[in-house]
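The values are calculated or read from the model by the stated rules, or taken from the named source; none is laboratory data. Treat the numbers as computed from the prediction; the structure is a model and nothing was measured. Don't worry about glycine lacking a Cβ; one is built from the backbone with ideal geometry, like all the others, and counts go over all protein chains shown.
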Amino acid sequence: MKSSCFSFPGGTHACSSGSPYFRITGGRRPISFSAGASSIFGSGGNSRKEKLLLQDVAELIRTRACQRVVVMVGAGISTPSGVPDFRSPGSGLYSNLQQYDIPYPEAIFELEFFFHNPKPFFALAKELYPGNYRPNVTHYFFRLLHEKGLLLRLYTQNIDGLERASGIPASKLIEAHGSFASATCAVCRTPSPGEDFWADVMVDRIPRCPVCTGIVKPDIVFFGEPLPQRFLLHVIDFPMADLLLILGTSLEVEPFASLSEAVQSSVPRLLINRDLVGPLAWRPRSRDVVQLGDVVHGVEKLVELLGWTEEMQDLIQRETGKLDGQDR
Ligand SMILES: [Zn+2]
């Protein structure tokens, strides 16, 4: 079964699968708190407390009033790890890619251009080689959510693999734009384990299929390609979620924009991002919480409100030690 969603990394999108989950929430509705939330706010009828704040979200997590957390993330959680935006003039990666005469940056993810000239894509792959960049506080916050049994699923638009690198199991991840963990021959479709192509990529050689000599393409979703089958789990995950966290994504690219509206209208949505964007700006809901500014700072604030700061420091220290060991 193929998904009917087409993803265009960084571009426009056409999707025909999410429509049953559109939920337009215009108009004014009385605010109804869930049982968990009303126990926090008490039944004293403090009507001024109707708007949720960051500390209320922390309280919902801390008291486990919410324990089916769905997370959506984009490039904004990777920039603190130093992952360069290949579209940003001035970044080393951008100038590196310019030498290949690409007509425009997004051409890297176009199949036609890839078959004409796969070098820029593999230059990007080389840049994102596992270990080149490391997870940051944001990734480890999701890892903690998982360890506490609170993470239902993490949906990422990123292809840098930092969610995996932070130790979150693949079963909890939806890498919506694919990953470098596996690859497929672009001609005969023979699958290949991810590690096989890295030896070629690292010496700037185009990986070839042992069966037909076609180009082996890492399973990154290109323009016009269907999203990974696992993405279909959104049909189950979003209606089940009792808290939605959205971090470092402008929610401008479908199907992510629509997904943010696929949780039930009573479910709080927390946006931690530079700007107020996407459906949270166009069709805000009464239980939306918006923490604008630096993403890492926003996460650290939430972690502090949760009382997890020390635990987080221990986790990061432990994981950094492991990664240092791997580098040796
Ligand atoms: Zn082949």
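A few remarks follow.
- When Val290, Val277, Val235, Val303 are screened for being part of a loop (DSSP other than H, G, I, E, B) and either over 22 Å from Cys66 (Cα atoms) or in contact (Cβ under 8 Å) with a residue 12 or more places away in the chain (or both), only Val277 passes.
- Filtering the range 112-147 to residues that are more than 20 Å from the chain's Cα centre (by Cα) and not aliphatic (A, V, I, L, M) leaves Glu112, Phe113, Phe114, Phe115, His116, Asn117, Pro118, Lys119, Pro120, Phe121, Phe122, Lys126.
- Every residue from the range 188-205 that is surrounded by 16 or more Cβ atoms within 10 Å (Cβ to Cβ) and β-branched (Val, Ile, Thr): Val201
- Looking across the range 306-322, the residues that are surrounded by 14 or more Cβ atoms within 10 Å (Cβ to Cβ) and in a helix (DSSP H, G or I) come down to Leu306, Glu311, Met312, Leu315, Ile316, Glu319.
- Flag for Leu144 being surrounded by fewer than 22 Cβ atoms within 10 Å (Cβ to Cβ), within 20 Å of Phe256 (Cβ to Cβ) and more than 16 Å from the ligand (Cβ to nearest atom): no
- Considered as a group, the residues in the range 73-98 that are touching a helix residue (DSSP H, G or I) at 6+ places or on another chain (Cβ under 6 Å) and hydrophobic (A, V, I, L, M, F, W, C) include one that is surrounded by the fewest Cβ atoms within 10 Å (Cβ to Cβ), and that residue is Leu93.
- Summed over the range 249-274, residues that are out of contact with any Cys (no Cβ under 9 Å at 6 or more places or on another chain), assigned to a loop (DSSP other than H, G, I, E, B) and not small (Gly, Ala, Ser) total 8.
- The residues listed here are Leu270, Leu244, Leu227; of these, the one that is within 14 Å of the chain's Cα centre (by Cα), away from the ligand (no atom under 16 Å from the Cβ), closer than 24 Å to Leu60 by Cα and in contact (Cβ under 8 Å) with a residue 24 or more places away in the chain is Leu244.
- Qualifying residues in the range 182-205 (those that are part of a loop (DSSP other than H, G, I, E, B) and more than 13 Å from the ligand (Cβ to nearest atom)) - the one modelled with the lowest pLDDT: Gly194
- Among the residues of the range 208-222, those identified as within 14 Å of the ligand (Cβ to nearest atom) and hydrophobic (A, V, I, L, M, F, W, C) are Cys209, Val211, Cys212, Ile215, Val216.
Quick grid of which residues meet (1) part of a helix (DSSP H, G or I); (2) at pLDDT 90 or above; (3) of a type in the set (Asp, Glu):
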position: Glu59; (1), (2), (3): yes, yes, yes
position: Val71; (1), (2), (3): no, yes, no
position: Asp85; (1), (2), (3): no, no, yes
position: Ala107; (1), (2), (3): yes, yes, no
position: Phe115; (1), (2), (3): yes, yes, no
position: Phe122; (1), (2), (3): yes, yes, no
position: Lys126; (1), (2), (3): yes, yes, no
position: Asn132; (1), (2), (3): no, yes, no
position: Phe141; (1), (2), (3): yes, yes, no
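- Residue count, the range 127-164 (criterion: under 13 Å from Ser179 (Cα atoms) and either touching a residue at least 24 places away in the same chain (Cβ under 8 Å) or among the hydrophobic types (A, V, I, L, M, F, W, C) (or both)): 12
- Among the residues of the range 273-322, those identified as under 18 Å from the mean Cα position of the chain (by Cα), of a type in the set (Val, Ile, Thr) and closer than 22 Å to Gly167 by Cα are Val295, Val296, Val299.
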